[in-house]
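A short write-up of the structure that comes next.
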Amino acid sequence: MSLVGNKSIRILSFHPELYHQFRALLIGTRCIKLHQSPVEQRHILPSTFINIKRSASSRRSNTDIKMTCEKYSIEERGQLNTLSYRIFIKQGEHVINPWHDIPLFACENSKIYNMIVEIPRFSNAKMEMATKEAGAPIKQDEKKGIPRFVHNIFPFRGYPWNYGALSQTWEDPNHIDSHTNAKGDNDPIDVIEIGSKQHKAGDVVKVKALGIVALLDEGETDWKVLAIDVTDPMASQVNDVEDVEKFFPGVIAHSVQWFTVYKVPAGKPTNKFAFDGKCQNAAFAHKIIAETHEFWKALIKEKSPSLNTECFEAGAAFEADRTKFDSLPGSHAPLQAPAVYSPSVDDVFYYNGSD
């Protein structure tokens, strides 16, 4: 037993395959606060057997929605699992700034949004758009000059969902949110995508918002939009929080649990939530997204922004230069084979819930 801050943590380290087998054996254990597995399969056993994937297989979601079909691609540079790694987003043959140049809406009338995937589901590397760099390439976050990996807290492996952000949004650090009484975290609004597909970092995914939770991360407002890929087999059946509870039982509760404790192994306190951690509905999510979109509009017009706002968006204070942007990948080392990360990344932490 080792103590991290004032939190009691037990640490086990073993091979990932054994970890998954061990987790499967212990699903339902009551010895820890986080005691159930996130819904990783489409088979759920309440009082009767439900095969969700099969029940949805005859349906096609959102076929009546006309959306923009922009084609985006990525160019990788540097070495994965090191601070040199970058993912540049391209539209056609040209580098763009995904945060600023990809529209918020894939279909505004139906409120379908563009999500930029930063972290694939079940992975540990803490990837994020580099909002202070030209082109906002996706890179690995760092702590004290070392690439950052999120810890595994039983029964979770890395991030339990595809994680990313909505383009053209910004949580203003100068704005005190009326719901949280805290300022924004100075980032695009985050998205957790709960569909069945594991997306890749740099994917641009069309999603619909199902709800939103108000995380207070180290005293800052850090909204988390609950969403689903519109091409997911279940997308036609889930439109709001109640649908998520019905077809993805446990996902919301376990997501709140994960965000509560995910920084504890690093020696930080548990996170708090507004609304007592309750997930707000889709209508509320749309309202918050619209608000952060307006903050973003103001940001790109600022003459002295704290973040990089070079982009091709009309009316931006700092119009991007095409030649400069297309040359951005070339300023980084060519793509190399991934670096071997520390075995400690596969360590498993158990949280007993004591403060």
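Table for the structure above
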quantity: Derived scalar couplings ³J(HN,Hα) [the range 300-316; Karplus, 6.51 cos²θ - 1.76 cosθ + 1.60; whole Hz; x for Gly, Pro]; calculated: 6, 9, 5, 7, 9, x, 7, 10, 7, 10, 4, 6, 9, 6, 4, x, 5
quantity: Using θ = phi - 60° and Karplus 6.51 cos²θ - 1.76 cosθ + 1.60, couplings along the range 99-110 (whole Hz; Gly, Pro as x); calculated: 5, 9, 9, 7, x, 4, 9, 7, 8, 5, 4, 9
quantity: The range 220-355 shape via C-alpha gyration tensor axes, a/c threshold 1.5; calculated: oblate
quantity: Residues THR180, THR231, THR82, THR169, sorted so that the one with the fewest Cβ neighbours within 10 Å comes first; calculated: THR231, THR82, THR180, THR169
quantity: Reachable lysines, given that their alpha-carbon falls under 18 Å from the alpha-carbon of LYS268 and they are not under 8 places away in the same chain; calculated: LYS7, LYS33, LYS126, LYS143, LYS144
quantity: Cα centre as origin, Lys/Arg/Asp/Glu Cβ charges: the range 153-212 dipole, Debye; calculated: 400
quantity: Full-extension gain in nm, GLU294 to SER331, via 0.36 nm per residue minus C-alpha separation; calculated: 10.0 nm
quantity: Hz values of 3J(HN,Hα) by residue in the range 252-258 - Karplus curve (6.51, -1.76, 1.60), Gly and Pro given as x; calculated: 5, 4, 6, 5, 5, 4, 4
quantity: The range 299-355 - convex hull of alpha carbons, volume per residue in Å³; calculated: 205
quantity: Restricting the range 247-355 to GluC sites (Glu not before Pro) in coil, as DSSP defines it, with at most 14 other Cβ within 10 Å; calculated: GLU302
quantity: D_trans [Stokes-Einstein, Kirkwood Rh over alpha-carbon pairs] for the range 111-194, 4 °C, 1.567 mPa s, µm² s⁻¹; calculated: 91
quantity: Candidate aspartates and glutamates for bridging to LYS301, where Cα separation is under 20 Å - those fewer than 8 sequence places away on the same chain excluded; calculated: ASP101, GLU133, GLU171, ASP172, ASP185, ASP187, GLU291, GLU310, GLU313, GLU319, ASP321
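A short reminder: the numbers here are calculations on the coordinates, not readings from a lab. Keep in mind it's a predicted model, so treat the numbers as computed, not measured. Neighbour counts run over all protein chains shown; Cβ positions are idealised from the backbone, glycine included.
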